[in-house]
Amino acid sequence: MSVSPYEPLDSEKGEIRLLELFPAPEHSSPIECALHPVKLSKKPSYEALSYTWGGKGSGQSITLDGVALPVFENLEAVLRRLRRTKKSRTLWIDAICINQEDLEERAAQVKLMRDVYESAAEVTIWLGEPGDGAELGLNRLTSSSTFTRTAKNRNGHWAVETKLFGKTGGLGTEAASWFSPSAGHLRDEVEKDEIRELLCRPWWSRVWIIQEAVIPRKLKVLCGSWEVEWDSLNAETKEENISVKQVALIKVMHPELLSFADSTLDNINLMRRKWRDSKAGNNIYELLYNLRRLACTDPRDRIFAFLGLLSPEVGMILSPDYTRPTVDIYTRFCRAVILKARTLDILNCTRQWRGVAKPVTNSRVYSVYERARYHDTSVMVKDEAESEPGEGSAKLPTGWERCLDDGVVSYFDHNTQTRHDKSPMADQVYPAVSRFERQICPEGCQKTWDNLGRPSIKFGLGENKPSNWAEDEFPNLPSWVPNWAARTGQDPEPFLDWTKKIVDPGPFQASAYSYAEVSPDLDDKAISLTGLEFDTIEELASPWHPKSESPPLSRWNIPELKQWTTLASQDHPTCPYGGQDGRLEAIWRTHLGDYPGEGAVPEDDRVFVELWFDDEGWTSPIGEIIPVDSFGAAGPDDAPHAMRLLYEYWRKINGKGKFINKLREIWDVWAVGRQYVPYLERLYNTCAHRAMFVTSKGYIGLAPWNGQVGDKICLLSGGKTPFLLRGPENGNYSLVGECYVYGIMGGEAWTPRGEAASETFRVC
């Protein structure tokens, strides 16, 4: 029988274990540690670690209180980086300080995570070991001045040049170099891309890191031996890298270019500000729904990982319990939230997932070393038809890899499994492409990371086809319970605004500030909801599933959306909107998911929806909008050209003539674009993955893509929006999802004091 280094803890009294990491003279010396039980109420001094476990890999055993304890590769690496040479270090690390084999202790200690990270003197975020080129970004983050950074990165840039672009020679040839002072902006972009690569490491994609980064008083980032202050990371990533005049339309065509990398850093900073300002916690629905993209090994952690970020009253409505199956945890949590909040807001998170495709993410490759593996870096390119060709890089054909072994370049064709000395792109001239295009991982490849967080491109994987959620993946999960683990590529954006606090009623009150009353039995898989059946779906258009996560500039050439207007504009014998003019107003406001009452969009702004309807095809001459950068010149398909076309159509709709003052006209071009973008985003978020319907009473609304003719539109006590119910079958209904019906979103169909809310719907 093996000896355990763990003694029981009194978690109810706030007892935890701290790790004493003993010093060692050499980086490679064996790792020796000891555990010390302490009570958080005694205010012990320690640092906490936030990291990803990764796989076992080549991780060795450490000595913990004289007992050999196997650890994963990434944990062993960070322990060596944190270890001092002459003095012990006191740390809290979940994999060691919690007995992971004891499910009861795990659950009890999870309740203390908020206090553990809040009480730590500092939290270190371990991103792993640096890969090739990472030092360029790390030196940029840790340098106190441009001069210092330039000096530190001189050799790094020269290594990129010699290894990847075949440049030779000494310092005397630097003036003619691709990285010469005249190309300083290119050096900057390489450094920024290496920072972007750091922000794409696995740490940023895990659910537990949100709590671990939001709560602490002080954060620092560790990558290898580089220590980066959190404030330094924020300062660097706030730099704008797109010209102001292009921002408006590029914001919607390529939103990732307006944030430094993915949105996790922005999410953390926003939640840190909320936490510091009020300590009242974050909105429960915003956390659970918007952060479903983050990964975890145990699907129960999609709830447990966020409990510490909620207000104390909300956060303790359900205690972590790793002995119960996921379906039980999700069901109990959903009912507990309804009981606590007395609203049905959590039902607005329910989405159809069974048999639906999982989202496919096309990773971006920021590391210049990894990008070079799918580019020929020594071809001839030219920016414009009239320009002279110059040396540059172009993407290799699908399945081809550029290899560099001991300074010798070769090309491997994964399609035929053959190696070639000569590039398949040699002796030709290619058009220059933007930085944005070069970052796209090619077909047949996949971006992966090793256990130490270093990126790598894997070739020869074939087409990246989406897989579907299996019907039995979460057996017996009721239709009314959100599946936090099953994000799909067809999930509509919620109608409710999750950025508001849980006590904020919001603009929609379809059930007129009523309260939800449900049974307190957390184990009941059925829920009885009171309300009224308002109407049924009589006609339903085809759903719109956009091809991109970025909005199109208009609905031109999108037949599904044009069908919506055709369907909804037909005369109806019981039209509730007062005739055709009222019906047309209902159509454009429904596209926006417009608010009732004072929150409604001003009539004057209808013109921006007309721009979206694009009945004359103002966007037809526009191709894909690609940001203008040093690798491509402005042309007829760029953002300024789109701005001009947008303005001309706006002027035509408004009946405005041309300004004599050209400066005023130039200003109006960009002003119209800036006004259009928020409406464009709202139209996209409201309509994507939904379908327009007409009810038996003539109302117009939006259903989730899985809605059907005959679905019942119900107003339920405690609901802010109407809901679609299907059935009954054997006396039971199933929840289809939230819906929007223009004309009843402010409680117009809910009778005073809920007198008509006498029907009970048993939903399973």
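So here's what we get for this one:
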read-out	value
Radius ratio Rg over Rh of segment 581-621, counting only Cα atoms, Kirkwood formula for Rh	1.03
Distance between segment 301-373 and segment 34-106 - C-alpha centres, whole angstrom	27 Å
In nm, spacing of pseudo-spin labels at HIS420 and LEU35 (7 Å Cα→C-beta vector)	5.8 nm
Label-to-label distance, nm, for residues given as SER467 and VAL601 (7 Å Cα→Cβ offset)	4.0 nm
Theoretical FRET efficiency, 1/(1+(r/R0)^6), r = Cβ-Cβ of LYS86 and SER410, R0 41 Å, to 0.05	0.25
Stretch gain in nm, segment ASP615-GLN563, where the contour uses 0.36 nm per residue and the Cα spacing is subtracted	17.5 nm
Percent RCO, i.e. relative contact order, over the chain, from Cα pairs under 8 Å lying at least 6 residues apart	13 percent
Unit charges on C-beta of K, R, D, E only; dipole of the chain, Debye	1360 debye
Nitroxide proxy distance, nm - points 7 Å out along Cα→Cβ at GLU648 and GLU12	7.6 nm
The chain - percent of accessible surface contributed by carbon and sulfur, probe 1.4 Å	50 percent
Cα gyration tensor of segment 43-99 - equivalent ellipsoid semi-axes, whole Å, descending	19, 13, 12
Cβ-derived FRET efficiency at R0 60 Å, THR448 paired with ASP571, nearest 0.05	0.55
For the chain: accessible area per residue (Å², 1.4 Å)	44 Å²
Computed over segment 400-445, Cα set: Rg, Dmax in Å	12.5, 30
Size descriptor, Kirkwood hydrodynamic radius, that averages inverse alpha-carbon separations across segment 292-378, Å	16.5 Å
Segment 434-550: mean projected area of Cα convex hull, nm²	14.3 nm²
Taking only Cα atoms of the chain, radius of gyration then Dmax in Å	29.0, 91
Interatomic Cα distance distribution for segment 407-494, bins of 5 angstrom, percent	2, 8, 11, 13, 17, 14, 10, 8, 6, 5, 4, 2, 0
Computed lengthening from LYS43 to SER363, 0.36 nm per intervening residue step minus Cα-Cα distance	110.9 nm
Gain in span if fully extended, GLU585 to ALA671, counting 0.36 nm per residue against the direct Cα distance	28.4 nm
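The values are calculated or read from the model by the stated rules, or taken from the named source; none is laboratory data. Bear in mind the structure is a predicted one, so any value in this text is a computation, not a measurement. Positions of Cβ are backbone-derived with ideal geometry, glycine not excepted, and every protein chain shown enters the neighbour counts. Accessible surface areas use protein heavy atoms only, side chains included; no ligands, DNA or RNA. Shrake-Rupley method; radii C 1.70, N 1.55, O 1.52, S 1.80 Å.
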